[in-house]
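The values are calculated or read from the model by the stated rules, or taken from the named source; none is laboratory data. It should be emphasised that the depicted structure is a prediction, and the values quoted were computed from it without experimental measurement. Backbone-built Cβ (ideal geometry, glycine too); neighbour counts: all protein chains shown. Protein only, heavy atoms only, side chains kept; ligands, DNA and RNA dropped before computing areas. Shrake-Rupley method; radii C 1.70, N 1.55, O 1.52, S 1.80 Å.
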Amino acid sequence: STGIVAATPFPAEYDREYVAPVSLGTPAQELNLIFDTGSSDLWVFSTSMPAAQVAGQKLYNPSGSSTSAVLWGHTWSIQYGDGSRSSGTVVNELVTIGGISYASQALEIANGVSAQFSQDPASSGLLGLGFSILNTVIPTSQKTWFDNVLPTLAAPVFTVDLKRAAPGTYTFGAIDASSYAGKIEYTPIDNSNGFWRLQASGYQVGTSPFQPTTIDAIADTGTTLLMLPAAIVKAYYAQVPGSQLHASYGAYTFPCSAKLPSFTFGIGRYRGVIPGAFVSYGRIDATTCYGGIQDQGNLPFSIFGDILMKAQVVVFDAGRTRIGFAAK
Ligand SMILES: Cc1cc(CN)n(C)n1
């Protein structure tokens, strides 16, 4: 089987996150979830949550589904890199994405979420597309939806085609040859820590010479920005007049009038180009804009988030434990 769903950015002009529709239970309850290659829990806002933590999100109601079955004694609790958290209980449920169903998917029901989630009406939860070793359900960890449907897919892959300020796609079981230009460049991933972790071969700022250097990064659709080592970030903003490491934001900002250089990353000999315009994350006041490239700080790896992804077609190949990039 193959399946495809739209990946819609929110808020429209910032691409802070991308959500896609997931159908839960019988009769179907359709919720929009963030698909996150950097985590491995499938969890949803639910009718078990305090009203004070809900603000417009659609709620999954297990009692309204004839196919939900409590996974007794199982709980979950997760914290993400941005400090956001959620936790709750677990049911087995019918979960369908793009027409691909799995009848007894571990569906994690939130009975509590942190403010970042409560204040985000666009997302009713997350669908983890990382490796199942990262799943937080106890006492027995659960498999991701992708892991569960993998044997039924026409090919053991999913393809991510996010776009800037426009709907893109998540495709399961196939690669749409018409969606990219040239050829897909693959590189092995190390999934031992549950991430789609790769080694990029270097970078280039604008038309400056390519700098060969290994960049150890995870491909993470759930992270908005491109988080890189301090030296690379410094080299990028050195070419943006008026940019600064803003004291109060603790992040690089620049004058919205600035013409941003492109950012190129290497995958072997392949060069992936992020247009300068993609590096503006958004306006923070009348004249100041927030950089889409930021310092990874004390993280143990870089994060290739949406700012990079939206400039590429990215193939997550579980069959051959590799990841592929192509221009579009
Ligand atoms: C909710 C969420 C997901 C991620 C990336 N895996 N972050 C940083 N926050």
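Per-structure values
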| quantity | calculated |
| --- | --- |
| Debye, to nearest 20: dipole size of the stretch 156-251, +1 on Lys, Arg Cβ, -1 on Asp, Glu Cβ | 240 debye |
| Karplus-derived HN-Hα couplings along the stretch 46-54 (A = 6.51, B = -1.76, C = 1.60, θ = phi - 60°), whole Hz, x at Gly and Pro | 9, 5, 7, 8, x, 4, 5, 9, 10 |
| Rounded, prolate or oblate (a/c below 1.5 giving rounded, otherwise prolate when a/b exceeds b/c) for the stretch 24-73 by Cα gyration tensor | rounded |
| Under-5 Å amide H pairs with residue 202, H placed in peptide plane, nonlocal only | 213, 215, 266 |
| Restraint check, 183/234; 234/310; 163/183, Cα-Cα greater than 25 Å | 183/234 |
| The stretch 1-92: mean projected area of Cα convex hull, nm² | 7.6 nm² |
| HN-Hα J in Hz across the stretch 283-295 - Karplus 6.51, -1.76, 1.60, θ = phi - 60°, x for Gly and Pro | 7, 10, 7, 3, 10, 9, 10, 9, x, x, 10, 9, 6 |
| Length added when fully stretched, residue 238-residue 192, from 0.36 nm per residue minus Cα-Cα | 13.0 nm |
| Heavy-atom accessible area order for 289, 256, largest first, 1.4 Å probe | 256, 289 |
| Convex hull volume per residue in cubic angstrom - Cα atoms of the chain | 131 Å³ |
| Heavy-atom accessible area order for 245, 31, 59, largest first, 1.4 Å probe | 245, 59, 31 |
| Whether the stretch 30-138 is rounded, prolate or oblate, judged on the alpha carbon gyration tensor where a/c under 1.5 counts as rounded | rounded |
| Probe 1.4 Å - accessible area at residue 283, Å² to nearest ten | 130 Å² |
| For residue 321, distant residues with modelled amide H under 5 Å away | none |
| Within the chain, percent of DSSP bridges classed antiparallel, to nearest 5 | 90 percent |
| Cα gyration tensor, the stretch 194-260 - rounded (a/c under 1.5), prolate or oblate | oblate |
| Whole-Hz couplings from phi, Karplus 6.51/-1.76/1.60, listed for the stretch 258-271; x for Gly and Pro | 5, 8, 7, x, 5, 10, 10, 10, x, 10, x, 8, 5, 10 |
| For the stretch 191-328, fraction of C-alpha pairs farther apart than 17 Å, in % | 58 percent |
| DSSP beta bridges in the stretch 38-173 [antiparallel fraction, %, rounded to 5] | 90 percent |
| Amide proton proximity set for residue 208, modelled H, under 5 Å, gap of 5+ | none |
| Computed accessible area, residue 1, all protein chains, 1.4 angstrom probe, square angstrom | 70 Å² |
| Apportionment of accessible area to carbon and sulfur, the stretch 193-238, percent (1.4 Å) | 53 percent |
| Inverse of mean 1/r across different Cα pairs in the stretch 144-249, Kirkwood, Å | 17.1 Å |
| The chain, helix-only ellipticity at 222 nm - DSSP H runs n ≥ 4, -39,500 (n - 2.57), divided by all residues, nearest 500 | -1500 deg cm²/dmol |
| Selection from 160, 34, 68 lying farthest towards where the dipole of the chain points positive, charges on Cβ | 160 |
